[in-house]
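Reviewing the structure listed below.
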Amino acid sequence: MTLTYATLTLDLPFVESKKGRRAILNTIKERLSKMNCSLLDISGEYPKEAEIALSFLALTEQDARQKLETIETALAAKFPDLHIALAFEFL
């Protein structure tokens with residue numbers, strides 16, 4: 001089993017308030033929770049930036065990499081105007 005820990009860093013240039021950021025993050029978290037990921041919003045106070053920590057278990061490291069690619073593809077398709085960076089670590 002491979003435990004994967006990842007951090008999604010989002011740049012939200014068009015968001016003006018924490019309420020707007022929260023609306024986007026809730027949509028992202030809802031979509032990712034359907035992929036059997038544990039999620040936590042670790043964003044700071046600045047509304048134009050956001051961070052989400054996620055973790056999940058996979059049978060092999062290759063399965064984990066495929067799931068990360070699926071997550072990146074799904075987010076890019078749903079939110080094409082956001083700049084999303086994904087950093088991950090296998091434990």
Near ILE52, within a Cβ-to-Cβ distance under 10 Å, what is the net charge of the other residues, with Lys and Arg +1 and Asp and Glu -1? -1
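Roughly to the nearest percent, how much of the accessible area of the chain is carbon and sulfur, given a 1.4 Å probe? Before the final figure, lay out the partial values.
On the way: 2940 of 5600 Å².
Carbon-and-sulfur percentage of accessible area, whole number: 53.
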Which of the lysines could be linked to LYS19 by a straight reach, that is with a Cα gap under 29 Å, when you skip same-chain ones fewer than 8 residues away? LYS29, LYS34, LYS48, LYS78
When the Debye formula is applied to the Cα atoms of the chain, each taken as the same point scatterer, what base-10 log of I(q)/I(0) results at q = 0.12 Å⁻¹? -0.35
Quick one: helix 61-78 against the long Cα principal axis of the chain, what's the angle to the nearest 10°, folded into 0 to 90? 30 degrees
What angle do you read, to the nearest 10 degrees and between 0 and 90, between the alpha-carbon axis of helix 18-33 and the longest principal axis of the chain? 20 degrees
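Calculate, in nm to one decimal, what ASP41 and ASP11 gain on full extension: separation in residues at 0.36 nm each, minus their alpha carbon distance. Provide the component values of the computation, followed by the final result.
Details: separation 30, 0.36 × 30 = 10.80 nm, distance 1.43 nm.
So the extension gain works out to 9.4 nm.
Per residue, how many Å² of accessible area does segment 1-87 show with a 1.4 Å probe? Intermediate results must be reported in sequence, preceding the final value.
On the way: 5240 Å² over 87 residues.
In whole numbers, segment 1-87 has 60 Å² accessible per residue.
The values are calculated or read from the model by the stated rules, or taken from the named source; none is laboratory data. Every value quoted in this text rests on a predicted model; they were computed, and no experiment measured them. Virtual Cβ from ideal backbone geometry, glycine too; neighbours counted across all protein chains shown. Note: accessible area is taken over every heavy atom of the protein model, side chains too, but ligands, DNA and RNA are not part of it. Shrake-Rupley method; radii C 1.70, N 1.55, O 1.52, S 1.80 Å.
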